[in-house]
Amino acid sequence: MSRMTTPHVHTYHCTFCSHLLLASTHIISALPTRRAPGLDNATIVPLQENTESDSDREYTLLLTLTRDRAAKVVAREDGFEKRVLWRCGRCKLIVGYMLDEEKRRGCLYLLPGAVVESSELGQGEPEGQAA
Ligand SMILES: [Zn+2]
C-alpha cells in the first residue's frame, strides 16, 4: 500500500540568498559525497536521466539554476577534470557543477553548504554569530 504514496519532495534554497533552486525526492544531506581525489566533498545528486525504472519515484528538478557556457578545467591530484559550473539564478553564487563528460551527465555535484532545505530556512540563526 505504501507503494502508491507519492514520494515526499524536498525543496532546496540558495544558502546565500534563499532563492529556490532545486526540488528533489532525495534528501541531499543523506546522499553520498565525492571522495578523494575529488577532494571537494561535493554531494552527488543523481538526476533522472538513465534511471528509467524509478524515474517516476525519484527525481531532481533544477528549477532556477543557471549553467555556465564554458567548462572550467580543475586540477586534481590525479589529473584534470572539466567541470561545467551551475550557479544560483539570482545571486550567481556557484552551487555545484557537472562533469563535462557524456557518461557522467546524470549527476549534479552540489558544493557542501551551497543549498539549504526549505524546512531549515529561517530556523535559528546561522552559526558563527560570535563575531
Ligand atoms: Zn543565491
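The values are calculated or read from the model by the stated rules, or taken from the named source; none is laboratory data. Source: prediction; values computed, not measured. All Cβ positions, even for glycine, are placed from backbone atoms using ideal geometry, and neighbour counts span all protein chains on display.
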Margin query: Quick test for you: out of Thr51, Thr25, Thr5, pick the one residue that is surrounded by 14 or more Cβ atoms within 10 Å (Cβ to Cβ), over 10 Å from the mean Cα position of the chain (by Cα), modelled with pLDDT under 95 and among the hydroxyl-bearing types (Ser, Thr, Tyr).
Written below: Thr25
Note to self: Quick check on my filter: what residues within segment 68-92 are more than 15 Å from the ligand (Cβ to nearest atom), basic (Lys, Arg) and under 15 Å from the mean Cα position of the chain (by Cα)?
What the structure shows: Arg83
Item checked: Residues that are part of a strand (DSSP E or B) and either in contact (Cβ under 8 Å) with a residue 60 or more places away in the chain or near the ligand (Cβ under 8 Å from one of its atoms) (or both), drawn from segment 21-31 -> Leu21, Leu22
Next item on the list: Only residues in segment 71-86 that are under 28 Å from Leu61 (Cα atoms) count as the first member; pair them with residues that are of a type in the set (Asp, Glu) and buried (at least 16 other Cβ atoms within 10 Å of the Cβ), Cβ under 8 angstrom, at least 6 apart or cross-chain, and list the lot.
Entry: Val73/Glu81; Val74/Glu81
